[in-house]
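A.B. asks: Here you go, one structure.
Bear in mind that the values in this text are calculations on the coordinates, not laboratory data. What you see is a predicted model; the values in this text were computed from it and never measured. In this analysis, Cβ positions are derived from the backbone assuming ideal geometry, glycine residues included, and neighbour counts consider all displayed protein chains.
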Amino acid sequence: MRWIALACALAISSCAATRFVPLPPEAETHRAKTDDGWEISLTRYRPSGAPTGLPVILCHGISANARNLDLDERHSLARWLAAHGREAWTMSVRGAGDSDGIDEEKGRHPPITFDSYWRFDLPGVIRHVREVSGAPAVDYVGHSMGGLVAYAYLSQGGQGLNAVATLGSPTRLDWGTGLETWLHSIAPKLVSPDLMIPSALGAHAAAPFQALVDDGPFQRFFYNPQSSTTASWQRLLAYGTADVAGGVALQLIGMLDGGRFQSLDCTLDFKKDMARITTPVLVVAARLDRVALAPGVKDGYRALGGPKEWLVITRANGAKGEYGHMDLLIAERAADEVWASVLRFLDGHAPR
Amino acid sequence: MTALVVALLFASAPEPTVSHRRVVASDGASLALYRYLPPGKGEGRSPVLLVGEIGFGRPLFDLHREGLARWLAARGYAVYVAELRGQGKANAGASLRAWIHLDLPAIARVIAAEQSEPIDLVAHGWGGTLALAAAGRELPVRRVVALSTPVEAEVPSALAGAFLAEGGHFSDFAASPGGAWDFELLFAMETKFPPQTLEALRALGTRDLSSGQAAEWLAWMRLGDLPLDDGTTVRSRLLDFDRPTLLFLALGDGFAGPELCAPLRDTSKAAVRLRTFSRFETGDDFSHVSLLLGAKAPSRVFPELEAFLRGEGKTP
């Protein structure tokens with residue numbers, strides 16, 4: 001009884017950490033229209049002072065939404081870029097955040113696939129940002145699957161991106177872990193391409209209890225306590241997550257088969273076509289990323305054809321703590337240890 | 001009766017017979033070879049050669065009577081631990097190339113004279129990469145278990161590059177205030193590794209590199225390849241590498257990151273199976289030396305390694 005009471009007390013007290021932090025007043029909400037008729041939610045952060053470079057589009061990973069890029073005042077790649085002279089735009093892919101989801105009555109039919117993101121969502125967002133900002137091109141930062149969206153888009157000749165940074169974006173997932181064996185054998189039997197997996201519900205429910213487990217395996221899968229706080233992780237679970245489209249999950253799980261990174265119908269080999277990319281790309285990996293393993297991220301780096309740089313975030317390269325998958329966005333020192341390198345790269349490839 | 005049962009339960013397992021011999025390479029350099037024979041038998045069922053990281057000696061495989069050498073010997077294998085020039089009791093060496101051209105052939109001759117079965121190789125780290133480059137040539141082997149063996153040579157981290165640029169002095173890790181921290185970071189990052197074991201490994205199992213070896217190793221990383229005396233290179237040899245291989249990757253490896261090792265699967269001719277652990281799944285990410293001496297190595301790494309040597313488990 002005493003333990004239950006203690007657990008309840010801890011859960012209640014940790015609810016403070018999961019409170020919703022609203023967007024800052026200066027953030028502007030926009031909606032971009034895609035060629036297949038969906039609306040994608042965007043948030044614009046104007047630069048403080050005169051712009052120092054092109055606008056930057058920021059895209060989250062799987063089971064996430066735009067708030068990954070602006071969790072709160074202190075953990076916000078979007079606001080940090082704006083404070084450093086870049087107009088930042090966060091986006092939520094279809095089915096995530098405030099973007100349109102499946103609605104049969106309004107003609108938005110399932111499935112949502114990874115191909116929907118690069119074929120429709122990203123082009124619509126690039127077009128909208130260029131129209132609103134008047135910029136001839138934009139820069140792009142993608143976390144996890146957000147980086148893969150850029151890889152696929154550029155590999156198929158997509159235009160309008162000047163320079164790109166990917167953070168923990170693996171183009172290969174088959175590394176002989178027990179988890180992938182499970183995913184490969186079980187997930188296809190449980191997941192329907194036309195349905196949404198209610199991962200956000202699970203995250204919301206789990207958020208208040210994260211403080212009860214000190215450095216548990218679930219937490220370690222996503223972040224490293226050396227770099228991020230439990231409170232940030234709780235906020236991320238509380239309002240930075242989104243349901244996963246079954247079609248997206250199945251397409252990415254397909255990457256477990258021989259390391260392929262391709263379209264759902266297998267007609268487009270993104271990885272092979274990445275050799276045609278000429279856009280400069282900075283590829284960032286975290287040494288202790290258990291979601292996007294460094295070899296999987298490096299696999300994408302190798303596939304790129306154009307100017308590229310490789311960066312591993314680790315104490316052995318000067319970071320003060322090791323990084324996991326989400327630390328690249330929510331770590332206490334991410335601004336100094338990750339984002340500064342991203343901005344340096346983007347600035348270094350500014351159009352002349 | 002109870003006392004007898006207790007005594008039997010707590011009786012220590014039979015120890016393998018350990019012997020040491022000096023092996024002389026064709027240029028006269030002295031190498032060391034340790035043999036672990038299974039308890040109670042004259043010969044093991046098949047010979048396994050263990051080749052460890054450059055600068056690390058036998059304690060990598062047998063520290064305080066714990067480690068892979070005794071573990072395999074207890075399961076019936078004739079185990080050989082080689083100390084090549086620059087390692088343990090072997091002579092110092094000016095060049096890493098001698099491992100391939102001189103040392104490994106000399107070791108292979110000695111084992112072949114004692115054993116009729118083909119040799120299986122357990123290769124670790126960058127030293128293991130040199131053994132892979134010799135496999136099927138100077139070093140006849142049947143199967144290979146590779147542990148954090150890089151095939152894509154590049155400086156793995158700023159700290160590793162600095163270590164080699166400053167001469168590869170393992171003794172410096174003991175001399176400087178932050179040395180223990182750096183040693184842990186490079187070789188046992190955040191993994192299940194008792195600090196006293198790590199300190200014992202550093203003190204007993206490492207040896208300062210010669211200036212020639214350190215410079216050559218760093219050049220290998222910076223240039224991406226190591227030219228050899230016969231006109232080939234390590235990289236070109238690895239492209240031709242064709243032995244069935246089980247490759248263990250260590251997520252927390254600060255000295256041979258998994259991204260440098262994994263390409264063996266795609267670039268070589270060998271059937272390569274990868275195995276990666278993570279803290280999420282198995283309680284440990286493993287690191288450069290914890291694959292061999294970490295707290296979870298005997299329960300996680302060794303059984304899979306041995307099953308592969310037995311020819312069991314999934315075929316690569």
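A.B. asks: Gaussian network model of chain B, Cα springs within a sub-10 Å range: biggest mean-square fluctuation belongs to which of B:His64, B:His124, B:His288?
C.D. replies: Among B:His64, B:His124, B:His288, the largest GNM mean-square fluctuation belongs to B:His64.
A.B. asks: While we're looking at this one, here's another question. Taking a ≥ b ≥ c as the square roots of the eigenvalues of the Cα gyration tensor of chain A, is the shape rounded (a/c under 1.5), prolate (a/b larger than b/c) or oblate?
C.D. replies: Rounded shape, in that the Cα axes give a/c under 1.5.
A.B. asks: List, in order, the whole-Hz ³J(HN,Hα) value for each residue of the stretch B:245-254 obtained from phi through the Karplus relation with A = 6.51, B = -1.76, C = 1.60 and θ = phi - 60°; use x for Gly and Pro.
C.D. replies: 9, 10, 10, 8, 9, 10, 4, x, 8, x
A.B. asks: Moving on to the next point. With every atom except the alpha carbons ignored, what do you get for Rg and Dmax of the stretch B:86-182, in angstroms?
C.D. replies: Cα radius of gyration and Dmax of the stretch B:86-182 are 16.0, 50 Å respectively.
A.B. asks: Amide H neighbours of A:Val141 under 5 Å, counting only residues 5+ apart in sequence or on other chains, H built in-plane at 1.01 Å?
C.D. replies: A:Ile57, A:Leu58, A:Cys59, A:Ala165
A.B. asks: Also, I was wondering about something else. For the stretch A:62-67, just list the computed ³J(HN,Hα) in residue order, Karplus coefficients 6.51, -1.76 and 1.60, θ = phi - 60°, integers in Hz, with x standing in for Gly and Pro.
C.D. replies: Couplings: 5, 6, 9, 9, 4, 5 Hz.
A.B. asks: From the Cα trace of the stretch B:9-163, what convex hull volume per residue do you get, rounded to a whole Å³?
C.D. replies: With only Cα atoms used, the stretch B:9-163 gives 125 Å³ per residue.
A.B. asks: Grab the eigenvalues of the alpha-carbon gyration tensor for the stretch A:254-337, scale each by 5, take roots, and send me the semi-axes largest first in whole angstrom.
C.D. replies: They are 27, 15, 10 Å, listed from largest to smallest.
A.B. asks: Mind checking the stretch B:262-302 for trypsin sites (Lys or Arg not before Pro) that DSSP puts in a loop (not H, G, I, E or B) and that have at most 14 other Cβ atoms within 10 Å?
C.D. replies: Answer in residue order: B:Lys269.
A.B. asks: Just in the stretch B:141-200: which GluC sites (Glu not before Pro) are loop by DSSP and have at most 11 other Cβ atoms within 10 Å?
C.D. replies: Numbers: sites: B:Glu152, B:Glu154, B:Glu166, B:Glu184, B:Glu190, B:Glu199; in loops: B:Glu152, B:Glu154, B:Glu166, B:Glu190.
In loop regions of the stretch B:141-200 (DSSP not H, G, I, E or B), the sparsely surrounded GluC sites (Glu not before Pro) are B:Glu166.
A.B. asks: 5 Å is the cut-off here: which amide hydrogens, built 1.01 Å from N in the peptide plane, fall below it relative to A:Met196, excluding neighbours closer than 5 in sequence?
C.D. replies: A:Gly246
A.B. asks: A further question on this structure: Taking a quarter of the surface of the convex hull around the Cα atoms of the stretch A:57-196, what do you get in nm²?
C.D. replies: Working: hull surface 41.0 nm².
It is 10.3 nm².
A.B. asks: Dipole of the protein assembly as shown, Cα-centred, from +1 at each Lys and Arg C-beta and -1 at each Asp and Glu C-beta, to the nearest 20 debye? Walk me through the numbers on the way to the answer.
C.D. replies: Details: 66 positive and 73 negative charges, 187 e Å.
Charge dipole, the protein assembly as shown, about its Cα centre: 900 debye, nearest 20.
A.B. asks: I want to make sure I understand the PRE zone here: with the label point 7 angstrom from the Cα of A:Leu179 toward its beta carbon, which residues in the stretch B:146-189 have backbone N atoms less than 20 Å away?
C.D. replies: Counting backbone N atoms under 20 Å from the label point, the list is B:189.
A.B. asks: Which whole-number value in Å³ per residue fits the convex hull of the alpha carbons of the stretch A:125-177? Walk me through the intermediate numbers first.
C.D. replies: Working: hull volume 3.9 nm³, N = 53.
Taking only Cα atoms, the stretch A:125-177 has a hull volume of 73 Å³ per residue.
A.B. asks: Same structure again: Report, in listed order, any pair from A:Lys33/A:Lys272; A:Lys271/A:Lys298; A:Lys272/A:Lys308 with a Cα-Cα distance greater than 18 Å.
C.D. replies: On the way: A:Lys33/A:Lys272 30 Å; A:Lys271/A:Lys298 12 Å; A:Lys272/A:Lys308 16 Å.
Pairs exceeding 18 Å: A:Lys33/A:Lys272.
A.B. asks: With viscosity set to 1.002 mPa s at 20 °C, what whole-number translational diffusion coefficient in µm²/s follows for chain B from Stokes-Einstein and a Kirkwood radius over Cα pairs?
C.D. replies: For these conditions, the coefficient is 110 µm²/s.
A.B. asks: With unit charges on the beta carbon (Lys/Arg positive, Asp/Glu negative), name the residue among B:Ser19, B:Ser211, B:Val155 whose Cα is farthest towards the positive pole of the charge dipole of the protein assembly as shown.
C.D. replies: B:Ser19
A.B. asks: Now, a different point. In the stretch A:21-90, what trypsin sites (Lys or Arg not before Pro) fall in a loop by DSSP, with at most 15 other Cβ atoms inside 10 Å?
C.D. replies: Hits after loop and neighbour filter: A:Arg74.
A.B. asks: Using +1 at the C-beta of Lys and Arg and -1 at the C-beta of Asp and Glu, which of A:Phe218, A:Met326, A:Leu288 has the Cα lying farthest in the positive direction of the dipole of the stretch A:205-352?
C.D. replies: With unit charges placed on the Cβ atoms, the residue in question is A:Leu288.
A.B. asks: Shifting gears a bit: Need one word for the stretch A:19-69: rounded, prolate or oblate. Basis is the Cα gyration tensor (sqrt eigenvalues a ≥ b ≥ c); a/c below 1.5 gives rounded, then a/b vs b/c decides.
C.D. replies: oblate
A.B. asks: Here's something else I'd like to know. Write down the Å³ per residue value for the convex hull defined by the alpha carbon atoms of the protein assembly as shown.
C.D. replies: Details: hull volume 125.2 nm³, N = 668.
It is 187 Å³ per residue.
A.B. asks: In debye, nearest 20, what is the charge dipole magnitude of the stretch B:14-309 about its Cα centre with +1 on Lys and Arg Cβ and -1 on Asp and Glu Cβ, if you could check?
C.D. replies: That gives the stretch B:14-309 a dipole magnitude of about 880 debye.
A.B. asks: When the C-alpha atoms of the stretch A:224-283 are aligned to their principal axes, what extent does each axis show, in angstrom, from largest down?
C.D. replies: The Cα atoms of the stretch A:224-283 stretch 43, 31, 20 Å along the principal axes, largest first.
A.B. asks: Which Cα, out of B:Pro47, B:Gly283, B:Ala131, lies furthest along the positive dipole direction of the stretch B:14-309 (beta carbon charges, K/R +1, D/E -1)?
C.D. replies: Working it through, the farthest residue towards the positive pole turns out to be B:Pro47.
A.B. asks: Would you mind computing Rg(Cα) / (2.2 N^0.38 Å) for the stretch B:141-183, counting N as its residues?
C.D. replies: 1.54
A.B. asks: Hey, another quick one. At what distance in nm do the modelled label points of A:His30 and A:Val132 sit from each other, each positioned 7 Å from its Cα along Cα→Cβ?
C.D. replies: Rounded to a tenth, the inter-label distance reads 0.4 nm.
A.B. asks: May I pose another question? Taking the number of other C-beta atoms within 10 Å as the exposure measure, put B:Met189, A:Met196 in order starting with the fewest.
C.D. replies: So the residues, fewest neighbours to most, are A:Met196, B:Met189.
A.B. asks: OK, next. Does the stretch B:219-316 come out rounded, prolate or oblate by the C-alpha gyration tensor, with a ≥ b ≥ c the root eigenvalues, rounded set by a/c under 1.5 and, if not, prolate when a/b is larger than b/c and oblate if not?
C.D. replies: oblate
A.B. asks: By Kyte-Doolittle mean hydropathy of at least 0.0 and Cα axial length of at least 15 Å, which whole DSSP H helices of chain B are selected? Mind showing how you got there, number by number?
C.D. replies: Values: long enough: B:104-114 (16 Å, 1.33); B:211-223 (18 Å, 0.03).
Helices meeting the criterion: B:104-114, B:211-223.
A.B. asks: At most 13 other Cβ atoms within 10 Å plus a DSSP loop assignment makes a site exposed; report the longest stretch of chain A without any exposed GluC sites (Glu not before Pro).
C.D. replies: Longest site-free region, per DSSP loop and neighbour criteria: A:74-352.
A.B. asks: Mind ordering A:139-146, B:45-52 by average Cβ neighbours within 10 Å, highest first?
C.D. replies: Those peptides, ordered most packed to least, come out A:139-146, B:45-52.
A.B. asks: Test of understanding: in a Gaussian network model of chain B with alpha carbons linked when under 10 Å, which of B:Leu274, B:Leu139, B:Leu209 would top the mean-square fluctuation ranking?
C.D. replies: Judging by the Gaussian network model, the answer is B:Leu274.
A.B. asks: Mind listing the long-range amide H neighbours of A:Gly85? Cut-off is under 5 Å, sequence gap 5 or more, other chains count too, H placed in the peptide plane at 1.01 Å from N.
C.D. replies: Long-range HN contacts for A:Gly85: A:Ser48.
A.B. asks: Across peptide A:293-300, how many C-beta atoms of other chains are within 10 Å of each residue C-beta, on average?
C.D. replies: Values: counts 7, 8, 13, 3, 1, 7, 4, 0.
Neighbouring Cβ atoms belonging to other protein chains average 5 per residue here.
A.B. asks: If you don't mind, there's one more thing I want to ask. Explain nothing, just the number: dipole magnitude of the stretch A:255-352 about its Cα centre with +1 on each Lys and Arg Cβ and -1 on each Asp and Glu Cβ, in debye rounded to the nearest 20.
C.D. replies: It works out to roughly 280 debye.
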